[in-house]
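Written out below as structure tokens is the structure these notes cover.
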Amino acid sequence: MLETIQKMQHYIRTAFGESTRSYGGDPSKPAPQGILQGNRAGPAGWFSICSIMIDCMKAEGYGYADVSAISQHAMNLVCFAFVDDTDLVHSTFDPSLTSVELFDEAQAALLTWESLLLATGGALKPSKSYWCYLDYSYVRGVWKPKRIQDAPGELILHNKGTPYTIHRLEVHEAREALGIMSRPDCSMEDQVEAMQAKVAKWVDGIRTKRINATNAWYCLNGTIMKTLEYPLMATTLTAEDSGTIMCPLLRDKIASEFISQEFTAPR
């Protein structure tokens, strides 16, 4: 398969027809890399590469080791990865290690991962990269997360040989990752707000359309409820949070007509 892809001549086909220009198929030039968009072997192909990269990181001693609070099983994490979206994790069990020393270790881990990725023909995109430092200080009987000013430091990417300082987040700042608003301090505040905004947009759309109860029922179950169900496995919403999110759906006049009454969808 790889030999065929590397030797074939590639044209781009769109609704407007095929491109007149092409690439590949020239034996005098380096063979094109990659396995093409839409190739069903893509996920398995990347997994076979990524698993070796993770093993290399683990062999170098980078990652996070701990014991699961629920299963009591030892675990060793290097990263959380889904296709090309990867969150590297690095920590230490040495209580005497300073934040500066930990940042140096994290920088070495980042350089190792970046070098491994470059060896595969890939690269990290600086504009999509960010990092945070999670540490706590004991203040008046309460453990509080440290701010950037409490533990200053930076991490550097070497994008095509050019140093690039990665944006650092405070522990209360959220970023969307795989459709979920993630915060280092584990607060669900931003995720709840994001889900509320999606519900409000859906309710507005339903309210301004001429739609019967049957179509509204299918729309409810096939669109907005799927949107709300998707992040549940990765979130820790309280009953109050869930009620706040669902309230507009249950309160809306149109929605209440087919939710509150006994309604049987056609089979």
Residue count, segment 14-38 (criterion: surrounded by 12 or more Cβ atoms within 10 Å (Cβ to Cβ), in contact (Cβ under 8 Å) with a residue 12 or more places away in the chain and part of a loop (DSSP other than H, G, I, E, B)): 8
Test: residue in segment 55-62 that is of a type in the set (Lys, Arg) and either at pLDDT 90 or above or not in a loop (DSSP other than H, G, I, E, B) (or both): yes
When residues of segment 39-95 are limited to those that are within 19 Å of ALA109 (Cβ to Cβ) and among the polar types (S, T, N, Q), the one surrounded by the fewest Cβ atoms within 10 Å (Cβ to Cβ): ASN76
Residue ranges of strands (runs of 3 or more DSSP E) in segment 120-183 with at least 2 members loosely packed, with under 13 Cβ neighbours inside 10 Å and not assigned by TED's automatic domain parsing to the domain that holds PRO231: 136-139, 142-145, 162-165
Residue count for segment 25-61, restricted to those that are in contact with a helix residue (DSSP H, G or I) (Cβ under 7 Å, 6 or more places away or on another chain) and more than 22 Å from ASN76 (Cβ to Cβ): 5
Some residue of segment 17-34 being closer than 27 Å to LYS146 by Cβ and under 29 Å from the mean Cα position of the chain (by Cα): no
One residue from GLN191, GLN107 being among the polar types (S, T, N, Q), within 27 Å of ALA59 (Cα to Cα), out of contact with any Gly (no Cβ under 7 Å at 6 or more places or on another chain) and not in a loop (DSSP other than H, G, I, E, B): GLN107
Residues within segment 178-213 that are more than 30 Å from ILE148 (Cβ to Cβ) and in contact with a helix residue (DSSP H, G or I) (Cβ under 8 Å, 6 or more places away or on another chain), tallied: 9
Long-range neighbours under 7 Å by Cβ, at least six apart or interchain, first residue without any contact (Cβ under 8 Å) to a residue 24 or more places away in the chain and aliphatic (A, V, I, L, M) within segment 181-200, second surrounded by 13 or more Cβ atoms within 10 Å (Cβ to Cβ) and not in a helix (DSSP H, G or I): MET181/ALA174; ALA194/MET181
First in segment 203-216 and not assigned by TED's automatic domain parsing to the domain that holds ILE245, second anywhere and loosely packed, with under 13 Cβ neighbours inside 10 Å, Cβ under 6 Å, 6 or more apart: none
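Here is a yes/no grid of residues against (1) within 23 Å of GLU176 (Cα to Cα); (2) of a type in the set (Ser, Thr, Tyr); (3) assigned to a strand (DSSP E or B):
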{"position": "CYS50", "(1), (2), (3)": "yes, no, no"}
{"position": "ALA65", "(1), (2), (3)": "no, no, yes"}
{"position": "GLN72", "(1), (2), (3)": "no, no, no"}
{"position": "ASP87", "(1), (2), (3)": "yes, no, yes"}
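The values are calculated or read from the model by the stated rules, or taken from the named source; none is laboratory data. Please read all numbers here as calculations on a predicted model, not as lab measurements. Don't worry about glycine lacking a Cβ; one is built from the backbone with ideal geometry, like all the others, and counts go over all protein chains shown.
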